[in-house]
Structures are given as C-alpha cells and as structure tokens.
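Visitor: Here it is: the structure, laid out below.
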C-alpha cells in the first residue's frame with residue numbers, strides 16, 4: 001500500500017489539490033507558469049497512473065526471474081546498506097565538511 005501511495009503522490013495531483021497553487025499563480029499574474037504546472041501534473045499523472053495500472057491490475061508477462069545466489073551481489077548490497085545506514089546516522093560531520101569545502105564561495 002505504501003508503494004501505491006508513493007506513486008499517487010508522485011502524479012502531481014496531490015500538490016495541485018484544490019487548485020490553490022494554480023489560483024495563486026494566476027493571481028500573481030503568472031498564468032504561463034500555472035498552465036505549465038497543470039500540464040506537468042497531467043503528464044506525471046498519466047505516467048504514474050499507468051505504472052500503477054501495470055503493477056496492480058495487469059497480468060504478469062513471461063516468467064519470474066530466477067533467484068540469484070551470487071555472493072558478490074550480496075556483499076555489494078550489504079556494503080551499500082551499511083554505508084547508507086552510516087550516512088543516515090552520522091550526517092552532521094559530512095555537512096560540516098561540505099560547509100567548509102564551499103565556505104570560500106560565500
């Protein structure tokens with residue numbers, strides 16, 4: 001269900017709900033931007049609703065891929081997961097390093 005909600009929010013309709021953003025842009029005189037936003041939301045809606053249809057309503061085509069017992073793939077995915085966990089828990093030193101690296105630009 002979480003995948004479905006994520007895909008639904010990715011359509012862009014959630015952000016345009018009620019038309020508040022479109023009305024704000026029209027009131028500010030940015031009609032071209034409101035039209036562009038609506039067109040992008042329609043394209044995104046078409047794309048993501050098609051993905052939802054294929055994932056949940058269409059019959060599978062072909063055979064399922066065989067499960068891989070590749071040791072290297074398991075190690076690479078494990079290292080990736082640990083790196084992601086480490087970066088998620090210790091993001092502050094990385095941000096300080098980035099701020100120091102770009103301090104000369106300010």
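The values are calculated or read from the model by the stated rules, or taken from the named source; none is laboratory data. Owing to the predicted nature of the structure, the values given are computational and were not obtained by experimental measurement. We place every Cβ from the backbone using ideal geometry, glycine too, and count neighbours over all the protein chains shown.
Visitor: Confirm whether residue 28 is farther than 26 Å from residue 52 by Cβ and either surrounded by fewer than 12 Cβ atoms within 10 Å (Cβ to Cβ) or at pLDDT below 60 (or both).
Guide: Against the criterion (farther than 26 Å from residue 52 by Cβ and either surrounded by fewer than 12 Cβ atoms within 10 Å (Cβ to Cβ) or at pLDDT below 60 (or both)), residue 28 qualifies.
Visitor: Hey, any hits in the stretch 67-88 for a residue that's surrounded by 11 or more Cβ atoms within 10 Å (Cβ to Cβ) and touching a residue at least 24 places away in the same chain (Cβ under 8 Å)?
Guide: Scanning the stretch 67-88, I find no residue that is surrounded by 11 or more Cβ atoms within 10 Å (Cβ to Cβ) and touching a residue at least 24 places away in the same chain (Cβ under 8 Å), so the answer is no.
Visitor: Scan the stretch 36-63 residue by residue and report those that are more than 18 Å from the chain's Cα centre (by Cα) and modelled with pLDDT under 85.
Guide: Listed by number, the list holds a single entry, 38.
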